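Let me begin by presenting the structure, written as structure tokens, before commenting on it.
The values are calculated or read from the model by the stated rules, or taken from the named source; none is laboratory data. Quantities reported herein were computed from a predicted structural model and do not represent experimental measurements. Cβ coordinates were reconstructed from backbone atoms using ideal geometry, including for glycine residues, and neighbour counts include every protein chain displayed.
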């Protein structure tokens, strides 16, 4: 099936990044959110990020102008029913995602493929609550979407081959690389990454090292571009905790138990960069460790 029109649900950090790369690749994009402020902020962010690409000579001004013209927005979820491909990029809570698909189902075209950008939730379970589990997949982009090369493709137990091949083709058109993952908790990237971050939080919790020493150790000792606690702040501590809970509950292994300190930070509302405080305090000019 030829996919040309793409609907994206959620105009946050992931949603606006997905809209950005699809528009640049020549797809018509319809972006929706529950409030106009979020849609306006997304358009501003997309414009700013594309302008940065023009300045860095990654794209030219004509490509930017054409891409921006392909992006439209709506507050009405049902409007996405006319698209060929829907990408849900809402909050990482299964009840919210399931409710969104339930509201959208009556408005879909027969051929529309449904996908979720979930980083950890069961694709099979989400698909089973729709009228087209064979046309449902996990479509997991990495953050920041315009920069990161990988897209995880996750088939549910009912996903058919034409749907999978259609999404492989889409990833190729985006100029990214697809990695196929089985539908098990957190898939590939977060199955490996999140326990590492969680272990870094345990290392802090147990007093083995400070925020600064833990991050410097991994950056200089393992050649990581970002320390694990700095990365956790970038991802969002609430997202890290949600994924660890999915791993712990889904696999039943104590090695995936979320660190109590991670839970405590989330309870405090210290979620990282987006709330200005996490393992670092971002309210000044330079981030300062909070422990």
With criteria (1) free of Cβ contacts under 8 Å to residues at least 12 places away in the same chain; (2) in the same structural domain as residue 237 (by TED's automatic domain parsing); (3) not in a loop (DSSP other than H, G, I, E, B), residue 195 comes up short on (1)
Give the residues of the range 91-109 that are at pLDDT below 95 and crowded, with 22+ Cβ neighbours inside 10 Å, sorted by residue number. none
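Given the structure, is residue 77 closer than 25 Å to residue 274 by Cβ and over 17 Å from the mean Cα position of the chain (by Cα)?
Values: closer than 25 Å to residue 274 by Cβ: yes; over 17 Å from the mean Cα position of the chain (by Cα): yes.
Judged against the criteria, residue 77 is a match.
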Taking the stated definitions as given, is residue 201 in a helix (DSSP H, G or I) and in contact with a helix residue (DSSP H, G or I) (Cβ under 8 Å, 6 or more places away or on another chain)? yes
Consider residue 259 against the criteria (1) over 24 Å from residue 89 (Cα atoms); (2) surrounded by fewer than 21 Cβ atoms within 10 Å (Cβ to Cβ): it satisfies all of them except one. Which criterion is unmet? (2)
Six or more apart or on different chains, Cβ under 8 Å: which pairs go from a residue in the range 144-162 that's closer than 22 Å to residue 48 by Cα to one that's exposed (fewer than 15 other Cβ atoms within 10 Å of the Cβ)? Could you list them? 149/177
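Here is a yes/no grid of residues against (1) buried (at least 21 other Cβ atoms within 10 Å of the Cβ); (2) more than 22 Å from residue 101 (Cα to Cα); (3) at pLDDT 95 or above; (4) under 16 Å from the mean Cα position of the chain (by Cα):
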site: 124; (1), (2), (3), (4): no, no, yes, no
site: 127; (1), (2), (3), (4): yes, no, yes, no
site: 132; (1), (2), (3), (4): no, no, yes, no
site: 136; (1), (2), (3), (4): yes, no, yes, no
site: 140; (1), (2), (3), (4): yes, no, yes, yes
site: 150; (1), (2), (3), (4): no, yes, yes, yes
site: 160; (1), (2), (3), (4): no, no, yes, no
site: 170; (1), (2), (3), (4): yes, no, yes, no
site: 176; (1), (2), (3), (4): no, yes, yes, yes
Only one of these is in the same structural domain as residue 165 (by TED's automatic domain parsing), in contact with a helix residue (DSSP H, G or I) (Cβ under 9 Å, 6 or more places away or on another chain), touching a residue at least 12 places away in the same chain (Cβ under 8 Å) and more than 18 Å from residue 22 (Cβ to Cβ): 67, 78, 90, 63. Name it. 78
